[in-house]
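Colleague: Have a look at this one.
We did not get these values from a lab; they are worked out from the coordinates using the rules stated. What you see is a predicted model; the values in this text were computed from it and never measured. All Cβ positions, even for glycine, are placed from backbone atoms using ideal geometry, and neighbour counts span all protein chains on display.
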There are 2 protein chains.
Amino acid sequence: MTQSTMTTEQKEYFMREALKEAHKAQLLDEVPIGAVIVLDNQIIGRGHNVRELSQDATTHAELLAIKDANRQQKSWRLEDAQLFVTLEPCPMCSGAIILSRIKEVYYGAKDPKAGTVDSLMQLLSDSRFNHQSVVESGILENECSELLTSFFKELRKRKKKQKKD
Amino acid sequence: MTQSTMTTEQKEYFMREALKEAHKAQLLDEVPIGAVIVLDNQIIGRGHNVRELSQDATTHAELLAIKDANRQQKSWRLEDAQLFVTLEPCPMCSGAIILSRIKEVYYGAKDPKAGTVDSLMQLLSDSRFNHQSVVESGILENECSELLTSFFKELRKRKKKQKKD
């Protein structure tokens, strides 16, 4: 497994772009998770979670960003690309990363409930699959997790208010 | 974990429908894998692998069938549905099954290289995720695996011929 090809400045720059996507989800009352895909220092795919709006179980930030990058590249292969996502990927998104052969994966906050890059299992370094990615976690971790924490706090407050009304 | 709610006749009937989808993929020169999603004995979603045609890494049979069923149901939740697929699901598709909360999963042939329902790992019975499915394998296994074997045999023959020409 080779090492990251990005400087700290690059990593934080692109994670801020993923955070912008997460904010778009938040404005739609969706769980605020965002992702971007980068090739040669350019963003070639973007996505944010829209599960409720789309009523489509597959519309996670990473999956939409991968589809967007595939479209832009006219290729399902993203072998030289980097993915930046605010939250640790789930099994579906980890699987899509393997299938599209993304080279490097950077994420912000860990997901102890459904994360399958580090937390529950390590799908992206499992040598039984035909592709492995370089992984780095904790990029702008506080911003990424704070966005989620405040979203769920607000949601609980609203639900409590609804019950009282 | 509850048991299958389907008779052998129902299982084979719907797997034949998944095989019809796999044949559609074959006609497009795609790896012949097909899937259908069933609710109350009716097909509510269909899909076949079109990775090369679409140049989209996420266009596996199961993922397309789930998206189709979500659209038809106007809901990301498929909690009472059955999925039939000719080949054991990969991590991406296993993840999409968990996310859409499909109740029962029936597949034909095992995939020792990338299958994550039984072969490499057991994502659909892992109690750490917030959903588990009833799983049954080996439905019309011979037809499902024969379709794949003959596809790859034909592909190798063609490649050999191309080299000679």
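Colleague: Cut-off 10 angstrom, C-alpha nodes, Gaussian network model of chain A. Which of A:Glu12, A:Glu146, A:Glu62 fluctuates the most?
Modeller: A:Glu146
Colleague: Also, quick follow-up: Would you mind telling me which residue in A:Lys24, A:Lys113, A:Lys11 has the biggest mean-square fluctuation in a Gaussian network model of chain A, where springs connect alpha carbons within a distance under 10 angstrom?
Modeller: Judging by the Gaussian network model, the answer is A:Lys113.
Colleague: What is the distance, in nm, between label points placed 7 Å from the Cα along the Cα-to-Cβ direction at A:Leu155 and at A:Ser54?
Modeller: That separation, rounded to one decimal, is 1.7 nm.
Colleague: What residues have an amide H closer than 5 Å to that of A:Ile44, excluding those fewer than 5 places away on the same chain, when H is modeled at 1.01 Å from N in the peptide plane?
Modeller: Here A:Ile37, A:Val38, A:Leu39 satisfy the definition.
Colleague: Using modelled backbone amide H atoms (1.01 Å from N, in-plane), which distant-in-sequence or interchain residues come within less than 5 Å of A:Leu87's amide H?
Modeller: Amide H neighbours of A:Leu87, under 5 Å, 5+ apart: A:Gly34, A:Gly108, A:Ala109.
Colleague: Got the B:Phe152 label distances to the other copies yet, label 7 Å along Cα→Cβ, in nm, shortest first?
Modeller: 4.2
Colleague: So, one more: Please check: in the Gaussian network model of chain B (C-alpha springs, under 10 Å), which one of B:Gln132, B:Gln122, B:Gln26 has the largest mean-square fluctuation.
Modeller: B:Gln122
Colleague: Give me the percent relative contact order of chain B, please, defined on Cα pairs under 8 angstrom at least 6 residues apart.
Modeller: On the way: 340 pairs, mean separation 31.8, N = 165.
Value for chain B: 19 percent.
Colleague: Something else about it: Averaging over all projection directions, find the projected area of the Cα convex hull of the stretch B:87-165 and quote it in nm² with one decimal place. Mind showing how you got there, number by number?
Modeller: Numbers: hull surface 23.9 nm².
So the mean shadow area of the Cα hull is 6.0 nm².
Colleague: Could you work out Rg/(2.2 N^0.38 Å) for the protein assembly as shown, with Rg from alpha carbons only?
Modeller: Details: Rg = 20.1 Å, N = 330, 2.2 N^0.38 = 19.9 Å.
Expressed relative to 2.2 N^0.38 Å, the Cα Rg reads 1.01.
Colleague: Hey, which of these cross-link pairs are over 30 Å Cα-Cα: B:Lys20/B:Lys103; A:Lys153/B:Lys74; B:Lys110/B:Lys153; B:Lys24/B:Lys159? Walk me through the numbers on the way to the answer.
Modeller: Numbers: B:Lys20/B:Lys103 23 Å; A:Lys153/B:Lys74 28 Å; B:Lys110/B:Lys153 18 Å; B:Lys24/B:Lys159 22 Å.
Too far apart for the 30 Å limit: no listed pair.
Colleague: Answer rounded, prolate or oblate for the stretch B:28-76, using the Cα gyration tensor with square roots of eigenvalues a ≥ b ≥ c: rounded when a/c is under 1.5, else prolate when a/b is larger than b/c, else oblate.
Modeller: Oblate.
Colleague: Can I ask one more? What does the helix-only formula give at 222 nm for chain B: each DSSP H stretch with n ≥ 4 adding -39500 (n - 2.57), the total divided by the residues, and the result rounded to the nearest 500 deg cm²/dmol?
Modeller: On the way: 5 runs with 71 residues, N = 165.
The helix-only estimate for chain B comes to -14000 deg cm²/dmol at 222 nm.
Colleague: What's the center-to-center distance, using Cα atoms, between the stretch B:1-57 and the stretch A:83-158 in Å?
Modeller: The stretch B:1-57 and the stretch A:83-158 have Cα centres spaced 30 Å from each other.
Colleague: Give, rounded to the nearest 20 debye, the magnitude of the charge dipole that the protein assembly as shown has about its Cα centre when Lys and Arg contribute +1 at Cβ and Asp and Glu contribute -1 at Cβ. Kindly include the intermediate steps, with their values, before the conclusion.
Modeller: Values: 48 positive and 48 negative charges, 80 e Å.
Here the protein assembly as shown has a charge dipole of around 380 debye.
Colleague: Mind checking which aspartates and glutamates have their Cα closer than 16 Å to the Cα of B:Lys164? Skip sequence neighbours fewer than 8 apart in that chain.
Modeller: B:Glu154
Colleague: In chain B, how does Rg compare with the Kirkwood Rh, expressed as the Rg/Rh ratio over alpha carbon atoms? If you can, show how the numbers build up before the last one.
Modeller: Details: Rg = 15.7 Å, Rh = 15.9 Å.
Reported Rg/Rh (Cα atoms, Kirkwood Rh): 0.99.
Colleague: Using a label position 7 Å from Cα in the Cα→Cβ direction, what is the ascending list of nm distances from B:Gln42 to the same site in the other copies?
Modeller: Spacings between copies for this position, smallest first, are 4.8 nm.
Colleague: Can you compute 3J(HN,Hα) from phi for each residue in the stretch A:131-137, using the Karplus curve 6.51 cos²θ - 1.76 cosθ + 1.60 with θ = phi - 60°, rounded to whole Hz and x for Gly and Pro?
Modeller: 8, 10, 10, 6, 10, 9, 10
Colleague: In nm, one decimal, shortest first: how far is the label point of A:Glu79 (7 Å from Cα along Cα to beta carbon) from the matching points in the other copies?
Modeller: Copy-to-copy label distances for A:Glu79: 4.5 nm.
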